[in-house]
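Here the structure is laid out as structure tokens; the discussion comes afterwards.
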Amino acid sequence: MNSITDKPKHFCGIVGIYSHKEMNIPGNLFYPLFSLQHRGQESCGIAYRRHGNLIAYKDVGMVGSVLSHYLHEDHPSFIGIGHVRYSTHGGNKLENAQPMIASCNKGQIALAHNGNISNSHVLKEQLIMEGSILQSTSDSELILHYLAKSKKSGFIESLLETFNRIEGAYSLVMIHDDTLIAVRDPQGFRPLVMGEKHDMTVFASESCALDILGIDHMREVKPGEIIIVNKNGKQSAFLTPGPCKSHCIFELIYFARPDSFIFGQSVHEARKRMGAYLAEIDKTPGDVVCAVPDSGNSAALGYSEHSKIGIDFGLTRNHYSGRTFIQPEPEQREFGVRMKLHPIRAVVKNKRITIIDDSLVRGTTSSIIVKLLKEAGAKEVHLRLSSPEIKCPCFFGIDIPTKEELISNRMSPDEIAHVIGADSVQFLPLEYLKKCVSNPEDFCFACFSGKYPVKVKDPEKRRKE
Ligand code: SF4
């Protein structure tokens, strides 16, 4: 969990580029990685081929500080991958930063991975029993080990064998010698898009990372699809299909940037619909609608449009406050929120504020936000959440705390309002959330409903992994 914002956290963002003409691949990886910075701020890195060798550079820190030197240097290449990382799984150590590279009997491999291998404990035990020495706690290393161990004759067959034994929610890009490979898990939990422009094929976690390269011809990598790109062109192979599609609804609620298209739909438009439905069911509207920036912005607009209540900036966000130097102690958390968010007294004073946020996890940040608004003179604060009550943990790579820590497992909305000091709290019911997306049957809603799209084996073990 992000200790300051108290939100569910995803793990990573990935980018892969193949160009039929040599170009400064590291420089071209910089911009899409910069666009994906919201998906991971702990470490970042790139890997690319030069004169038949794989070169990798990675460090703890943000894209702007770790990789910007590549904008001023020329590194001609035709293939590269990049990664931004959120660190909870495996810890924030340089050895867990990606891409991960290896030389093995299959050649040189670099891998950047977003997501979570849910049977990693089984795979790890098996590797250790067979004598493998694991150098990191990252799931990506398991993939490299199984690829190296595969006895299949061709690399595509080895890929199919490896990924068909892996369970989980993942998207990844990989360099194998002079070939770029993209893989998406068979249930499509995590997003992955492919775009093409002139001589270039680009894969990225979100469409906003392709937009910055001026790419407008794009499509989703299909669930279970492996796309292989090299000098001979492009080809697809497919993993054994999953039981159903299971797109993570939190990509649309909170994770993705509003200008992205995720799972074939506009993130901004989906969030506006969530806000509109919140307004439709709201029995206690206020005088002014405000968002908790930035993830509440689109839903607040939708709420305002539907309710005809004006929207204003009740809170400003300091985009330069960073996060890593704040420790997760309660008193420091309040200071961290105050550094990040500040009320505009002229907007909130003597008003009944309808404040729109995307989700409520522990409730720790919301109580500070309510306090800030009331200190600034708000007459009433009504908190509206554009998602249902989070009641269950995620076993598919999203960092949500235990059932006991989730405030909605312990309290009703009225009790939560009392504890966080708000005048009322209301969530978007699940049946309304489903109306906000196209093809709701293709989504995972398990952290709200407890209905997991696959049977969860060894849930406790999975959470400790
Ligand atoms: S349980 Fe929730 S967070 Fe996890 S994949 Fe499903 S919708 Fe996403």
Legend entry - strands (runs of 3 or more DSSP E) contained entirely in segment 315-428, each with at least 1 residues that are more than 16 Å from the ligand (Cβ to nearest atom) and touching a Pro at 6+ places or on another chain (Cβ under 7 Å): 315-317, 352-357, 424-427
Legend entry - All positions within segment 236-246 that are open to solvent by 100 Å² or more (accessible area, probe 1.4 Å) and more than 30 Å from Lys434 (Cβ to Cβ): none
Inset, instruction - Could you grab the pairs with beta carbons closer than 9 Å, sequence gap of 6+ or different chains, first residue in segment 387-407 and free of Cβ contacts under 8 Å to residues at least 40 places away in the same chain and in the same structural domain as Tyr303 (by TED's automatic domain parsing), second one within 8 Å of the ligand (Cβ to nearest atom) and not aromatic (Phe, Trp, Tyr)? - result: Lys403/Cys392; Lys403/Pro393
Legend entry - Gly195, sole failed condition from (1) surrounded by 20 or more Cβ atoms within 10 Å (Cβ to Cβ); (2) more than 20 Å from the chain's Cα centre (by Cα); (3) of a type in the set (Gly, Ala, Ser): (2)
Inset, instruction - Return yes when Ala270 is buried (at least 24 other Cβ atoms within 10 Å of the Cβ), of a type outside the set (Asp, Glu) and in a helix (DSSP H, G or I) and no when it is not. - result: yes
Legend entry - Every residue from segment 343-367 that is more than 25 Å from the chain's Cα centre (by Cα) and of a type outside the set (S, T, N, Q): Pro343, Ile344, Arg345, Ala346, Val347, Val348, Lys349, Lys351, Arg352, Ile353
Inset, instruction - With the checklist (1) of a type in the set (D, E, K, R); (2) away from the ligand (no atom under 16 Å from the Cβ); (3) closer than 21 Å to Asp399 by Cα in hand, flag the one item Glu251 doesn't pass. - result: (2)
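Conditions (1) within 16 Å of the ligand (Cβ to nearest atom); (2) surrounded by fewer than 21 Cβ atoms within 10 Å (Cβ to Cβ); (3) modelled with pLDDT of 90 or more, marked per residue:
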{"residue": "Gly107", "(1), (2), (3)": "no, yes, yes"}
{"residue": "Asp139", "(1), (2), (3)": "yes, no, no"}
{"residue": "Lys152", "(1), (2), (3)": "no, yes, yes"}
{"residue": "Ile156", "(1), (2), (3)": "no, yes, yes"}
{"residue": "Leu159", "(1), (2), (3)": "no, no, yes"}
{"residue": "Leu172", "(1), (2), (3)": "no, no, yes"}
Legend entry - Residue count, segment 216-231 (criterion: of a type in the set (A, V, I, L, M, F, W, C) and either over 15 Å from His20 (Cβ atoms) or surrounded by fewer than 19 Cβ atoms within 10 Å (Cβ to Cβ) (or both)): 4
Legend entry - Those residues of segment 68-82 which are under 26 Å from the mean Cα position of the chain (by Cα), assigned to a strand (DSSP E or B) and aromatic (Phe, Trp, Tyr), in sequence order: none
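The values are calculated or read from the model by the stated rules, or taken from the named source; none is laboratory data. Everything numeric here is computed off the predicted structure, so don't read it as measured data. Note that we place each Cβ from the backbone using ideal geometry, even for glycine, and neighbour counts take in every protein chain shown. The accessibility values were calculated without ligands, DNA or RNA, using every heavy atom of the protein model including side chains. Shrake-Rupley method; radii C 1.70, N 1.55, O 1.52, S 1.80 Å.
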